[in-house]
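The values are calculated or read from the model by the stated rules, or taken from the named source; none is laboratory data. Since the model is a prediction, treat every value here as computed from it, not as a measurement. Neighbour counts run over all protein chains shown; Cβ positions are idealised from the backbone, glycine included. Please note that ligands, DNA and RNA were not included when accessible areas were found on the heavy atoms of the full protein model with its side chains. Shrake-Rupley method; radii C 1.70, N 1.55, O 1.52, S 1.80 Å.
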Amino acid sequence: MSRVELVIEKLVYGGDGLARLAASDGGQRATTIFVPYVLPDERIEAALVEERPGFARARLEQVVQASSLRVQPPCPYFGKCGGCHYQHASYDAQLRFKSEILRETLRRTAKLELAPNLQTHASPPLGYRNRTRFHLRTRPEFAIGYFRHGSHELLPVRECPISSPLINRALVQLCARGEAGTVPGSIAEIELFANANDGRLMVELYLRPGSSNRDELISFARDFASLMPEVHGIVSFAPAEPRSRVEQRRTDLLDGEPAMAYDVAGESYRVSAGAFFQTNRHLVPRMLEIALNGRKGRIALDLYSGVGLFTVPLARRFERVIAVESSPLSSADLRANAPPNVKVSSQSTEAYLTAVAGTLKPELIVADPPRAGLGAKVCTQISKLAPQEIVYVSCDPATLARDLQQLSSEAWRVAEMHLIDVFPQTFHIETCTVLRRA
């Protein structure tokens, strides 16, 4: 395994630093090398671990000349755990790196220059997660934790500094119960979801394929709930039957309630175990403030609406709101949360927009799609509805850039862009973009 000395040029989306290995005397082109856990301008020694035509990946061996932005990581597992990518950088530097990556991605793909429109919204850098998912192993000895960086090998952990205090207390109890041999081997993963004030906890157990002993699961659930009075409910999720046409996992309430109330900016949302909800417990109110920002009118359309995070406050500002959500679990919560002036459509966004083409004229469209973004067809459908404004919440700068390129070509302009740092210590970039007719 060859070692090379490199100077890091910049960070790229995904968490790696980019360096270039000079061309050899034989005339070969310079090789782009990606290295994790480095910072711009650092001189390092690295070991090549993967070589492909045009690029290579390397493992950091030694920092020869460190950046002034390098700090001591707050987590003892950083560098081994694959969950965080930037704990070796000061938080102010992390925000700057993300801003630069976002600007470069939009410039390269969408030909958009953001200055001075980009606004950055910081988060407390630790203890921010309200939802954390752990992998489990019960044999030959118990372990709970995350996958190691770049692998599916389990790294046992006893704390997670980016997760809420309640989640960390629950992790301590899970470690104790596992070491006592009372955690059923049928549990593959455990997800912990804390409410807004970090005082209540939903526990989701994701089971391995095959048979499981329900009595054993109930016994574990009751035991765990007795140790933690904050537990609001414990639900298990079994994989769907292999030949079933229904992809959704089979659910089973083991203890307590199947859903929990989550309060944001004066609104209360029912969130069932397994339903999606924003992860940063500090910035959810800020996301609402940015998306709403005094907007009001007759008709608003909320696409990929989940349990109704944007739908509910929109219904207090618009005469009529249509909320579109395809997930059965989330759309059930959406119906429970929605005021009377909200119409819920439980189908895909593309199917809904196809059905209402030429008949619906919303003044505002809010869209919060998954990582895949809107896509060409949905962008075209949204543009044809000709709202006054589009508020686009994105969790991936590459798909955001692709979609903004198309919308810009269809006479939309970026009026505002907000980088909302929902995931400090990681490479993930969340944005909220406001588009208006050019």
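Could you tell me whether segment 201-209 includes any residue that is hydroxyl-bearing (S, T, Y) and either at positive phi or modelled with pLDDT under 95 (or both)? No, segment 201-209 has no match at all.
Kindly evaluate R169 against the criterion of being of a type in the set (D, E, K, R), open to solvent by 60 Å² or more (accessible area, probe 1.4 Å) and touching a residue at least 40 places away in the same chain (Cβ under 8 Å).
yes
Filtering G294, G256, G210 for residues that are under 25 Å from S163 (Cβ atoms) and not aliphatic (A, V, I, L, M) leaves a single hit, G256.
Among residues of segment 58-107 being of a type in the set (A, V, I, L, M, F, W, C) and assigned to a strand (DSSP E or B), the one that is nearest to the chain's Cα centre (by Cα) is C81. Number of residues in segment 288-343 that are in contact (Cβ under 8 Å) with a residue 60 or more places away in the chain and aliphatic (A, V, I, L, M) equals 9.
For the residues E61, E9, E42, the requirement of being in contact (Cβ under 8 Å) with a residue 24 or more places away in the chain and crowded, with 19+ Cβ neighbours inside 10 Å singles out E42.
Of all the numbered requirements in (1) open to solvent by 40 Å² or more (accessible area, probe 1.4 Å); (2) within 22 Å of E325 (Cα to Cα); (3) in a strand (DSSP E or B), V393 misses one, and that requirement is (1).
Residue-wise test of (1) closer than 30 Å to R158 by Cβ; (2) in contact with a Ser or Thr (Cβ under 9 Å, 6 or more places away or on another chain); (3) charged (D, E, K, R).
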site	(1), (2), (3)
S2	no, no, no
L6	no, no, no
G15	yes, yes, no
F34	no, no, no
P40	no, yes, no
E51	no, yes, yes
Q65	no, no, no
Y86	yes, yes, no
L106	no, no, no
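What residue, of G127, G181, is touching a Ser or Thr at 6+ places or on another chain (Cβ under 7 Å), at positive phi and of a type in the set (G, A, S)? That would be G127, the only listed residue that is touching a Ser or Thr at 6+ places or on another chain (Cβ under 7 Å), at positive phi and of a type in the set (G, A, S).
Of the strands (runs of 3 or more DSSP E) lying entirely inside segment 110-159, those containing at least 3 residues that are farther than 13 Å from Y77 by Cβ are 118-121, 131-137. Restricting attention to segment 316-332, the residues being outside any strand (DSSP E or B), surrounded by 16 or more Cβ atoms within 10 Å (Cβ to Cβ) and either aromatic (F, W, Y) or over 20 Å from the mean Cα position of the chain (by Cα) (or both) number 1. Do we find that A398 is open to solvent by 10 Å² or more (accessible area, probe 1.4 Å) and either without any contact (Cβ under 8 Å) to a residue 60 or more places away in the chain or assigned to a strand (DSSP E or B) (or both) in this structure? So A398 does not fit the description; no. Taking the residues in segment 291-300 that are more than 23 Å from the chain's Cα centre (by Cα) and either part of a loop (DSSP other than H, G, I, E, B) or not small (G, A, S) (or both) as candidates, determine which candidate is modelled with the lowest pLDDT. My answer is G294.
Within segment 75-93, being open to solvent by 20 Å² or more (accessible area, probe 1.4 Å), free of Cβ contacts under 8 Å to residues at least 60 places away in the same chain and over 23 Å from N117 (Cβ atoms) holds for F78, S90.
Return the residue satisfying two criteria in turn: it lies in segment 408-438 and is over 24 Å from the mean Cα position of the chain (by Cα) and hydrophobic (A, V, I, L, M, F, W, C), and of such residues it is surrounded by the most Cβ atoms within 10 Å (Cβ to Cβ).
W412
Considering segment 401-411, and only residues there that are touching a Ser or Thr at 6+ places or on another chain (Cβ under 7 Å) and free of Cβ contacts under 8 Å to residues at least 40 places away in the same chain, the residue that is nearest to V12 (Cα to Cα) turns out to be L407.
For residues in segment 1-31 being touching a Lys or Arg at 6+ places or on another chain (Cβ under 6 Å) and at pLDDT 95 or above, which is farthest from G82 (Cα to Cα)? Filtering first and then ranking leaves V7. Among the conditions (1) open to solvent by 30 Å² or more (accessible area, probe 1.4 Å); (2) touching a residue at least 40 places away in the same chain (Cβ under 8 Å), the only one that R96 does not satisfy is (2). Residues in segment 218-277 that are part of a loop (DSSP other than H, G, I, E, B), open to solvent by less than 70 Å² (accessible area, probe 1.4 Å) and of a type in the set (A, V, I, L, M) were compared, and the one that is modelled with the lowest pLDDT is A240.
The residues in segment 333-369 that are assigned to a helix (DSSP H, G or I), within 14 Å of G306 (Cα to Cα), open to solvent by 60 Å² or more (accessible area, probe 1.4 Å) and of a type in the set (S, T, N, Q) can be counted, and the count is 0.
Just so you know, in segment 99-121 the residues that are in contact (Cβ under 8 Å) with a residue 24 or more places away in the chain and of a type in the set (A, V, I, L, M, F, W, C) include one that is surrounded by the most Cβ atoms within 10 Å (Cβ to Cβ), and it is L106.
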